[in-house]
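Chemist: Here it is, the structure, as structure tokens.
The values are calculated or read from the model by the stated rules, or taken from the named source; none is laboratory data. Note that the structure is predicted; figures quoted are calculated from it, not measured. Note: ideal-geometry Cβ built from the backbone for every residue, glycine included; neighbour counts use all protein chains shown. Side chains included, ligands, DNA and RNA excluded: accessible areas come from the protein's heavy atoms. Shrake-Rupley method; radii C 1.70, N 1.55, O 1.52, S 1.80 Å.
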Amino acid sequence: MRIKSAVLSLGIAAVCTGLAATPATAYVNADLSKTVWTRDTGQCLNTCVLEDWANDLSGTFFKRDVGGKALKMHIYKGSTTVAQVEFHPYDDVLWVYDGANDGDTIYVRLKWDEGPFTNAVDEKYWAPGASTVIDSNKVQLAPDDDIDEGTEVQLRIYDDKALTDPITGWYTVVA
């Protein structure tokens with residue numbers, strides 16, 4: 001009888017531990033709003049700047065890249081910018097910012113295909129969970145070989161690392 005009780009106790013403890021280890025998501029999508037800015041970077045003189053800097057985490061501008069399409073997205077909870085994502089066609093760079101020290105970050109999923117003789121790329125990126133006011137991650141995409149000019153890149157934002165809780169739909173940018 002003692003063995004049966006011990007096994008039952010261990011089983012309950014294991015189930016409770018497994019439930020506690022499930023990562024929680026910090027954001028409820030209904031509480032979030034976003035501003036999305038895209039620009040054909042071929043239309044920029046030398047650089048393109050964001051029209052509204054009020055809630056910007058980085059003060060970024062985009063370099064001219066003929067045929068490229070840049071994206072900058074601010075994600076808000078109330079009036080606080082909790083995250084920011086930027087895709088820069090010039091040099092194929094992704095920036096992910098976490099603007100709130102709330103124990104959570106966003107995850108950016110990128111997908112692109114460069115042709116019939118290569119495997120499609122499907123990757124995720126996020127800002128590190130550090131204690132700085134604004135955490136950021138600069139990602140040089142395809143560092144060994146830039147993404148082919150004119151390649152469409154699909155971008156989506158998630159609240160969890162498993163990519164099961166989308167915050168946005170898909171956006172298309174162009175390298």
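Chemist: Every residue in the stretch 48-80 that is β-branched (V, I, T), modelled with pLDDT of 90 or more and part of a strand (DSSP E or B), please. Before you say what the answer is, go through the steps one by one.
Modeler: Of the stretch 48-80, the ones β-branched (V, I, T) are 49, 60, 66, 75, 80.
Then keep just the ones that are modelled with pLDDT of 90 or more; that gives 66, 75.
Residue satisfying the conditions is I75 alone.
Chemist: Same structure again: Only one of T41, T35 is modelled with pLDDT of 90 or more, under 16 Å from T168 (Cα atoms) and either out of contact with any Phe, Trp or Tyr (no Cβ under 9 Å at 6 or more places or on another chain) or open to solvent by less than 80 Å² (accessible area, probe 1.4 Å) (or both); which?
Modeler: T35
For (1) under 30 Å from L45 (Cβ atoms); (2) touching a Gly at 6+ places or on another chain (Cβ under 6 Å), each residue gets a yes or a no:
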position: K63; (1), (2): yes, no
position: A70; (1), (2): yes, no
position: T81; (1), (2): yes, yes
position: G99; (1), (2): yes, no
position: Y107; (1), (2): no, no
position: W112; (1), (2): yes, no
position: T118; (1), (2): no, no
position: E123; (1), (2): no, no
position: P128; (1), (2): no, no
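Chemist: So which residues in the stretch 101-130 are of a type in the set (G, A, S) and either in a strand (DSSP E or B) or within 15 Å of I75 (Cβ to Cβ) (or both), if there are any at all?
Modeler: Listed by number, the list holds a single entry, A127.
Chemist: Just give me the residues in the stretch 81-100 being outside any strand (DSSP E or B) and of a type in the set (G, A, S), in sequence order. Give the derivation first.
Modeler: So the first thing to find is which residues in the stretch 81-100 are outside any strand (DSSP E or B), and the list is 89-92, 99-100.
Within the stretch 81-100, G99, A100 qualify.
Chemist: Return the residues of the stretch 131-140 that are in a loop (DSSP other than H, G, I, E, B) and surrounded by 12 or more Cβ atoms within 10 Å (Cβ to Cβ); say none if nothing qualifies.
Modeler: So the first thing to find is which residues in the stretch 131-140 are in a loop (DSSP other than H, G, I, E, B), and the list is 131-134.
Hit for the stretch 131-140 is I134, nothing else.
Chemist: Scan the stretch 141-164 residue by residue and report those that are open to solvent by 80 Å² or more (accessible area, probe 1.4 Å) and not in a loop (DSSP other than H, G, I, E, B). Outline the logic, then answer.
Modeler: Within the stretch 141-164, the subset open to solvent by 80 Å² or more (accessible area, probe 1.4 Å) is 143-145, 149, 152, 161, 164.
E152, the sole residue that qualifies.
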